[in-house]
1. Checking Asp79 against (1) within 22 Å of Ser124 (Cα to Cα); (2) at pLDDT below 95; (3) in a helix (DSSP H, G or I), which single condition isn't satisfied?
2. Does Ala649 count as assigned to a helix (DSSP H, G or I) and touching a residue at least 40 places away in the same chain (Cβ under 8 Å)?
3. Could you say which residue among Asp230, Asp189, Asp237, Asp197 is within 24 Å of the chain's Cα centre (by Cα) and touching a residue at least 60 places away in the same chain (Cβ under 8 Å)?
4. Going through region 473-512 one residue at a time, which ones are among the acidic types (Asp, Glu) and over 22 Å from Arg269 (Cβ atoms)?
5. Tell me yes or no: at least one residue of region 571-583 is surrounded by fewer than 17 Cβ atoms within 10 Å (Cβ to Cβ) and over 26 Å from Ser626 (Cα atoms).
6. Looking for whichever is outside the structural domain of Val580 (by TED's automatic domain parsing), in a helix (DSSP H, G or I), of a type in the set (A, V, I, L, M, F, W, C) and farther than 16 Å from Thr579 by Cα here; the options are Ala664, Ala639, Ala630. Which one fits?
7. Arg361 - would you say it is modelled with pLDDT of 80 or more and on the phi < 0 side of the Ramachandran plot?
Amino acid sequence: MTGPLAARLAQAPRLAEPERARSRLADLLGAAPDLAPLIGEDGPARDLLLGLADHSPFLWGLAARDPARLAGLLERSPDDSNAAILADQREAGLAGGDVAGRLRRNRAAHALLVALADIGGVWSLEQVTAALSDFADASVGAAVDAALVQAAGTGRFLPPDPSKPQEGSGLIVLGMGKLGAGELNYSSDVDLIVLFDPETAPLRAGVEATPFFTRIAQAVAKLLQERTADGYVHRVDYRLRPDPGSTPTALSLPSAYTYYETVGQNWERAAFIKARPVAGDRPLADKFLAELRPFVWRKYFDFASIADVHAMKRQIHAVRGHGAVAVAGHDIKLGRGGIREVEFFVQTQQLVFGGRRPSLRGRRTLEMLGALHDEGWITPEARDELGEAYRFLRTVEHRLQMVADEQTQRLPEDPGKLARFARFLGYADETAFGAALTAEARRVQGHYALLFEAEPDLAAEVGDLVFTGVEDDPETLATLRRLGFRAPERATETVRGWHFGRRPAVTSPRAREVLTDLVPPLIQALSGTADPDGALAALDRAFGRMPAAVELLTILRSHERLRLLFADLLGTVPRLADTVAFSPHVLDAVIDPAFVAPVTEAGALAGQFRTGLGQPRDYEDFLDRSRDAARQLRFVTGARLLSGILPPAGAGRAYAGIAEAVVAEALRAVESVFAADHGRV
């Protein structure tokens with residue numbers, strides 16, 4: 001359907017303060033009388049503007065600040081307006097002049113257009129998110145053009161075709177998340193990954209590629225997100241790149257390949273489902289994504305990875321039960337029955353089955369719900385109900401962000417503000433909106449719980465404990481504070497570093513899979529020590545020195561008693577904790593029923609030491625075995641002392657007995673070797 005936007009408007013918000021809204025509209029019409037014929041004496045156009053005046057300071061500011069722009073949008077087809085704004089945005093980077101101002105003015109016009117078409121019922125959710133994503137693509141492309149043109153002007157960058165600086169540039173800009181999927185929300189960050197090929201980049205001799213492209217990425221971010229008198233264009237987030245805490249903003253392709261081949265995580269595989277080139281050298285970007293395909297899409301049905309994805313979600317909150325959703329203050333993205341659960345439902349099954357089913361490799365959530373049904377993995381009810389809930393929740397998300405152009409997904413807690421917001425959405429009151437939200441959230445919970453029903457909940461008792469991804473989760477920080485961590489931000493960065501493979505002991509895929517499951521109960525165990533922060537730091541140091549930790553992590557995951565003991569050691573006796581870290585088998589003695597029956601007599605300890613020695617093959621083997629046997633006996637003694645099984649005096653006798661046994665056996669071994677070489681004296 002075509003025609004002027006004003007003639008196609010079909011719905012509008014309900015008013016909370018009609019008199020104030022009418023007064024504002026009257027002031028606008030007084031200043032811009034040409035608007036009056038466009039909106040008429042009554043009807044959807046007038047009702048929509050009254051709704052903006054009543055509910056959205058941001059949108060009303062856009063409308064009132066430039067009445068001519070508002071009139072132009074109402075007079076034209078929204079599709080024509082969208083196409084014109086996009087075209088101008090794409091050209092801005094090469095046009096010179098006030099590039100920043102031009103980008104921001106286009107953003108203001110586009111934000112108002114999308115809001116009018118969305119709130120007015122002219123565009124579907126898919127049209128709204130596509131328009132927002134297309135505009136972000138144009139913005140990023142223009143910013144990259146501007147940055148490369150500036151670099152070319154200094155002579156450091158030598159583009160093959162100066163009129164098309166991105167072509168053959170060796171630069172890749174990938175859109176991730178909702179931008180990559182073409183599902184961007186109204187006031188979203190744009191998630192980008194910037195890569196470059198140092199071999200093909202046309203740089204002047206002597207120009208280092210990493211600093212050059214890092215400056216390009218920083219220039220792009222500044223051009224898009226710096227606030228001026230004209231506002232801003234987009235907030236830019238580069239944190240989805242490999243290990244953002246320790247890598248430059250722009251990463252070379254060889255470094256990226258190495259990272260994803262060695263320590264790439266399952267959540268990053270899920271993120272790359274949506275990855276899409278949005279700027280730069282497109283053929284090079286397509287080649288990179290093609291070569292990364294085996295990392296994202298496994299050859300066989302990948303049931304192993306589902307456990308890791310489950311653990312990620314369990315860290316956020318439990319999925320069992322259909323408890324009531326508290327509407328006030330509810331997070332419609334991360335909360336129960338929220339947007340993230342629909343996305344997890346889809347992406348998890350894409351990861352598992354997409355390796356063998358190319359039809360499941362799409363980027364868009366709603367399309368993939370249909371594909372999962374067509375492939376026979378979900379029921380028609382799951383497809384339809386999750387699709388309807390997703391559209392509902394995304395619409396709520398857009399309205400929340402349209403109020404003040406804020407990146408928020410949390411409903412107002414104040415009853416009065418919640419009632420106003422319900423009217424902005426078109427509901428009679430907060431009760432009607434709450435009923436609709438609760439019904440949709442429960443449907444999402446129901447389907448999500450069926451998918452994850454066999455998985456235990458590891459974090460529900462203490463609260464959220466999520467360390468995957470790149471952002472600090474506010475609820476996780478609050479949980480850590482309640483558990484006694486004095487520096488929760490440092491704790492989350494430490495654990496996140498393990499997931500990124502910054503410690504040698506946890507770089508293997510198996511170690512990180514076990515770690516994802518283990519982290520919540522391990523954090524709980526560390527919280528029971530006198531110094532949780534110190535205990536966590538001690539474990540981090542141990543991971544930095546250990547060659548591998550799979551055995552230790554597996555033991556700790558399986559035995560709560562050993563987990564608590566190990567946490568105690570980390571917090572109070574780091575030397576004993578180091579013994580466990582490097583020789584996890586010493587924990588075997590703690591599981592043994594004889595652990596609670598301490599031995600302190602020298603003769604009995606000598607017998608245990610000899611048992612631990614076994615039958616050494618030669619003198620070097622004796623040295624290795626004696627070190628290990630003595631280490632185990634000293635560890636057991638220390639653990640008994642820490643557990644209260646041995647008093648300090650008894651521990652002293654035991655340590656002395658161990659020393660006597662070691663000296664006696666060492667003397668016998670040295671005498672034997674000496675006799676073999678020189679005869680007995």
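The values are calculated or read from the model by the stated rules, or taken from the named source; none is laboratory data. Every value quoted in this text rests on a predicted model; they were computed, and no experiment measured them. A quick note on method: Cβ atoms are made from the backbone with ideal geometry, for glycine too, and the neighbour counts reach across all protein chains shown.
1. Of the numbered conditions (1) within 22 Å of Ser124 (Cα to Cα); (2) at pLDDT below 95; (3) in a helix (DSSP H, G or I), the odd one out for Asp79 is (2).
2. No: the conditions fail for Ala649.
3. Asp189
4. Of everything in region 473-512, those that are among the acidic types (Asp, Glu) and over 22 Å from Arg269 (Cβ atoms) turn out to be Glu475, Glu489, Glu493.
5. yes
6. Ala664 is the lone residue from the list that is outside the structural domain of Val580 (by TED's automatic domain parsing), in a helix (DSSP H, G or I), of a type in the set (A, V, I, L, M, F, W, C) and farther than 16 Å from Thr579 by Cα.
7. yes
The rows are residues; the columns are (1) basic (Lys, Arg); (2) surrounded by 15 or more Cβ atoms within 10 Å (Cβ to Cβ); (3) more than 19 Å from Val580 (Cα to Cα); (4) assigned by TED's automatic domain parsing to the domain that holds Gly607.
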| position | (1), (2), (3), (4) |
| --- | --- |
| Phe635 | no, yes, no, yes |
| Leu646 | no, yes, yes, yes |
| Gly650 | no, yes, yes, yes |
| Arg668 | yes, no, yes, yes |
| Ser672 | no, no, yes, yes |
